[in-house]
1. For the range 292-320, which residues satisfy the criterion of being open to solvent by 60 Å² or more (accessible area, probe 1.4 Å) and modelled with pLDDT of 85 or more?
2. Can you name the condition, by its number, that Leu353 falls short on among (1) open to solvent by 30 Å² or more (accessible area, probe 1.4 Å); (2) touching a residue at least 60 places away in the same chain (Cβ under 8 Å); (3) within 25 Å of Phe213 (Cβ to Cβ)?
3. Which condition from (1) touching a residue at least 12 places away in the same chain (Cβ under 8 Å); (2) open to solvent by less than 50 Å² (accessible area, probe 1.4 Å) is the one that Ile60 breaks?
4. Looking at the range 373-388 only, could you name the residues that are without any contact (Cβ under 8 Å) to a residue 24 or more places away in the chain and assigned to a helix (DSSP H, G or I)?
5. Within the group Val69, Val86, which residue is under 23 Å from Val341 (Cα atoms) and at pLDDT 85 or above?
6. Run down Val94, Val104 and say which single residue is modelled with pLDDT under 75 and open to solvent by 70 Å² or more (accessible area, probe 1.4 Å).
7. Under 24 Å from the mean Cα position of the chain (by Cα) and modelled with pLDDT of 85 or more - does that describe any residue in the range 187-201?
8. Going by what's in this entry, would Thr284 be described as open to solvent by 70 Å² or more (accessible area, probe 1.4 Å), among the polar types (S, T, N, Q), modelled with pLDDT under 80 and not in a helix (DSSP H, G or I)?
Amino acid sequence: MAKTATRLPRVAVIPEVVDSQFERILGNAAKGSMVLIGLVVLLVALEVGKVILAPIMLAIVIGLMFGPVADRVERFGVPPALSAAVVVLMLIGVIVGGMLLFAVPLSEWVARGPLIWEKLKAELDNWQAPLQAIGSFQQQLTGIFGNSSSMAVTVEDGGPVTSIAFLAPAIAAQVLIFLASLYFFVATRNHIRISVLSLCISRRVRWRTAHIFEDVEHRVSRFLLSITFINACVGIAVSLAMWAIGMPSPVLWGALAAVLNYIPYVGQGVMAVVLVAVGLGTQTGLEHILLPVGCYMAINFIEGQLITPHFIGRTMTLNPFVIFLSITFWLWAWGPVGGLVAVPSLLIVTSILDHALPRKQLMPSKPIRRTRNMTDREALLANAAAVIREQAQQSADDADAKKSKLIPPDGTAPSGVEAPA
């Protein structure tokens, strides 16, 4: 008997399915392109409008910080316009006090500038031999690769006085924009909130928006007030440490450490470099040069690992990598002002996302029970792994269901599908 060859059914490619998949891919690509174009436009807008946008953003951040202060003043029957004026005058007083705190010791260091420069040149002479070795190595590389390009140095007209004369009006305008924006934001913050809530079309959206306003003001105000108190303590500790080791002008270094501590990571690095340079210019011996920066790094380590987590709390801690990216972006966009608003702007964004897109804890259908020897982290990872396995199994089941829908039953095959023999 001849064996009949059995042929498996061949499923034809349905044009409608291919077209729908192609349209979905085009739709996703169009959405991604729109998001990319929007990000590029945002970057250009931030760069072009930084003269106006930077002081306004800084005023909003400072206004959120002093919002609770204005609320307490208004409880005594003070109108919002007057309470906003009180806040602006307080801030001006703090700024003037800080400038006076910097002025006297800074003038002394300016007078010592030539002597410090001579000391630095004498210290750098000790590095002349290694630098010459690096220069000869560079010349050898240039000879090997045949690079005959030369560097052209041009000297522009004008000096520091001319640059300051041109920058002074722009800086004065930014200061005025900042003070005016701060005053009007604090005075009309309740009207702004009511106006935004009136635009919400549903009760649920209105409820979430109200919680966003409350959470943003609470987080930013608590963070900035706590950081201000911590930075003041750091400044006092640095001043006492510099005074104890015999560093000239200890108050100046304490005030500088307190101001730079508002910018995480970058501020500490700048302060360390400044102390090393000052140590090279004023001290002799490697141990005396590194002693000031060593004291500062010890104080900063205690502040970062013990004091800040205790005052701010774990609920307000952010991912260090995200903080670094935010600081890098805002420093690139707006310079020092961007460094000041980097962390508060990140808090504002996280508050909006927490309420606009509430996150649910990943738990499997059958949660894994925590044993006595299991830590919180191990229990969280075990439940997360179980959720990933369940999602993978669900995806596989969905894929099998889609495949079964594409294969028609026997005898109902459309044109182009060969029925089994």
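The values are calculated or read from the model by the stated rules, or taken from the named source; none is laboratory data. Small disclaimer: the values here were computed from a predicted structure and weren't measured. FYI the Cβ positions are ideal-geometry reconstructions off the backbone, even for glycines, and counts take in every protein chain you see. We work out accessible area using only protein heavy atoms, side chains counted, and drop any ligands, DNA or RNA first. Shrake-Rupley method; radii C 1.70, N 1.55, O 1.52, S 1.80 Å.
1. So the first thing to find is which residues in the range 292-320 are open to solvent by 60 Å² or more (accessible area, probe 1.4 Å), and the list is 297, 301-302, 305-307, 310-311, 314-315, 317, 319-320.
Matches in the range 292-320: Met297, Phe301, Ile302.
2. (2)
3. (2) is the only condition that Ile60 fails.
4. Residues satisfying the conditions are Asp376, Arg377, Glu378, Ala379, Leu380, Leu381, Ala382, Asn383, Ala384, Ala385, Ala386, Ile388.
5. Going through Val69, Val86 in turn, the sole match is Val86.
6. Values: Val94 fails: modelled with pLDDT under 75.
Criteria check complete, one pass: Val104.
7. no
8. On the way: open to solvent by 70 Å² or more (accessible area, probe 1.4 Å): yes; among the polar types (S, T, N, Q): yes; modelled with pLDDT under 80: yes; not in a helix (DSSP H, G or I): yes.
So Thr284 passes the test.
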